[in-house]
Each structure stands twice: as structure tokens, then as C-alpha cells.
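Colleague: Before anything else, here's the structure in question.
The values are calculated or read from the model by the stated rules, or taken from the named source; none is laboratory data. Predicted model only: the values in this text are computed from it and were never measured. All Cβ positions, even for glycine, are placed from backbone atoms using ideal geometry, and neighbour counts span all protein chains on display. In case anyone asks, the SASA skips ligands and DNA or RNA and just uses the protein heavy atoms, side chains included. Shrake-Rupley method; radii C 1.70, N 1.55, O 1.52, S 1.80 Å.
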Amino acid sequence: MTTRLVISTMIALWILCGNALAQVRKFAYQQLTEEQGLSQNFVYGLIQDEKGFLWISTGAGLSRYDGYEVNRFSEHDSLSANFITADFCATSGSLLFGHNNGGLTLFDGLRFKKLLPDTLGNKIVSITQSNDDFFWAATQSRGLIFIDYANAKISHVF
């Protein structure tokens, strides 16, 4: 009787494992490079906005991917600089981009606005938002930048 139970259990496990392996899904992927329109192949950041666009931060500008094509943005489109090292999606849906020499750019859904020119001389490494809708940007070695966007005040906290 125990031999029958062991054999039945083994057959049941074999059937269940076979079904589990049959459910493995294959995922499709697409690689985006300069050949597909990306500003540069070296990517520093990736963020998705509330409309579903992917914003790709590179050392040679910003790229936006809508699932079909890539659009490029640069200083000519009012970015503080082309070299983007940090990105953040605000609760309002606006996007903030930090630059290699300390600049900050805001995208409000329609256009880019320079919040801080790219003259700090230090890389922005991170951006976040506090509960009271103020923004903070961390630099590589020059402390924090406090941004009160509503009142157009930017100050350094060393």
C-alpha cells in the first residue's frame, strides 16, 4: 500500500511540475540605442511620467520614448545643460532634471524651464520632494540645494 502511495504522489508531482513549467512566459523586449534615436547610449537615469512616456537621461541630452519613437531634447529646447545626471517626478506630475555642473531644469508637461543654470560646478546626484512641496537636490560635494518653486526661491544648504 505504501509503495502505491509513493508512486501516486510522484506521478501527481510530476504532472503538477510539468504544468508549472508550461506556464513560463516569454517576454519581448526592445533595445533603444543611438541608432533608434537615443541621445546617447550611456544612460544616467530613466523615469516615467504620468502620461506613460519614458524619459531617458544621458550625457548628451534627454530622450523621450512613447513606445514607438524617440524624441530628443537639448539645451536648444531650454534644458539647463545636455548632461543629465538625476531625474525626479513631482507629485504635480512635473519632472525635474539635475545636470552634471549643478543646473536644474523643470518640465511642466508643456515646456522646459531653467530653475538653476548649469554653473554650480558640481554634479546633481539626487532630487526629492518634501511633504510641503519643496524640492531638495543633492550635489556630489557641495551640499544640498533647497528649491521653493512656488515662491521662486533657491538656496544652497552647505
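Colleague: Got a number for residues in the range 128-139 being at pLDDT 85 or above and either more than 21 Å from the chain's Cα centre (by Cα) or more than 15 Å from residue 81 (Cβ to Cβ) (or both)?
Modeller: 7
Colleague: Given the options 73, 112, 88, 83, name the one that is touching a residue at least 24 places away in the same chain (Cβ under 8 Å) and within 18 Å of residue 133 (Cα to Cα).
Modeller: Of 73, 112, 88, 83, the one residue that is touching a residue at least 24 places away in the same chain (Cβ under 8 Å) and within 18 Å of residue 133 (Cα to Cα) is 88.
Colleague: Suppose we keep only residues that are open to solvent by less than 50 Å² (accessible area, probe 1.4 Å) and not in a strand (DSSP E or B) within the range 64-77. Which one would you say is farthest from residue 110 (Cα to Cα)?
Modeller: 67
Colleague: Identify the single condition in (1) over 19 Å from residue 39 (Cβ atoms); (2) under 16 Å from the mean Cα position of the chain (by Cα) that residue 142 does not satisfy, given that it satisfies every other one.
Modeller: Answer for residue 142: the failing condition is (2).
Colleague: List the pairs whose first member sits in the range 91-107 and is closer than 17 Å to residue 150 by Cβ and of a type in the set (Gly, Ala, Ser), whose second member is in a strand (DSSP E or B) and at pLDDT 90 or above, and whose Cβ atoms are under 6 Å apart, counting only residues at least 6 apart or on separate chains?
Modeller: Matching pairs, first to second residue: 94/106.
Colleague: Just the residues that are surrounded by 17 or more Cβ atoms within 10 Å (Cβ to Cβ) and without any contact (Cβ under 8 Å) to a residue 24 or more places away in the chain, please, taken from the range 44-63.
Modeller: 61
Colleague: Next question, about the same structure. Just name the residue that is most open to solvent (accessible area, probe 1.4 Å) out of those in the range 80-101 that are over 20 Å from residue 140 (Cα atoms) and assigned to a loop (DSSP other than H, G, I, E, B). Break it down into steps so the answer makes sense when it comes.
Modeller: Looking only at the range 80-101, we keep the residues that are over 20 Å from residue 140 (Cα atoms), and these are 89-95.
Pick out the ones that are also assigned to a loop (DSSP other than H, G, I, E, B) and you get 90-94.
On the way: 90: 6, 91: 118, 92: 80, 93: 16, 94: 19 Å².
Across the range 80-101, the extreme among qualifying residues is 91.
Colleague: Considering only the range 102-122, I want to know if a residue exists there that is touching a strand residue (DSSP E or B) at 6+ places or on another chain (Cβ under 7 Å), part of a strand (DSSP E or B) and open to solvent by 40 Å² or more (accessible area, probe 1.4 Å).
Modeller: yes
Colleague: Considering each residue of the range 107-127, count those that are on the phi > 0 side of the Ramachandran plot and at pLDDT below 90, and give that number.
Modeller: 1
Colleague: Find all pairs meeting these conditions: Cβ atoms under 8 angstrom apart; at least six residues apart or on different chains; first residue within the range 125-153 and of a type in the set (Lys, Arg); second residue assigned to a loop (DSSP other than H, G, I, E, B) and open to solvent by 80 Å² or more (accessible area, probe 1.4 Å).
Modeller: 142/158
Colleague: Then there's this: From the list 74, 8, 78, pick out the single residue that is in contact with a Leu (Cβ under 8 Å, 6 or more places away or on another chain) and either within 21 Å of residue 96 (Cβ to Cβ) or modelled with pLDDT under 95 (or both).
Modeller: Exactly one of 74, 8, 78 is in contact with a Leu (Cβ under 8 Å, 6 or more places away or on another chain) and either within 21 Å of residue 96 (Cβ to Cβ) or modelled with pLDDT under 95 (or both), namely 74.
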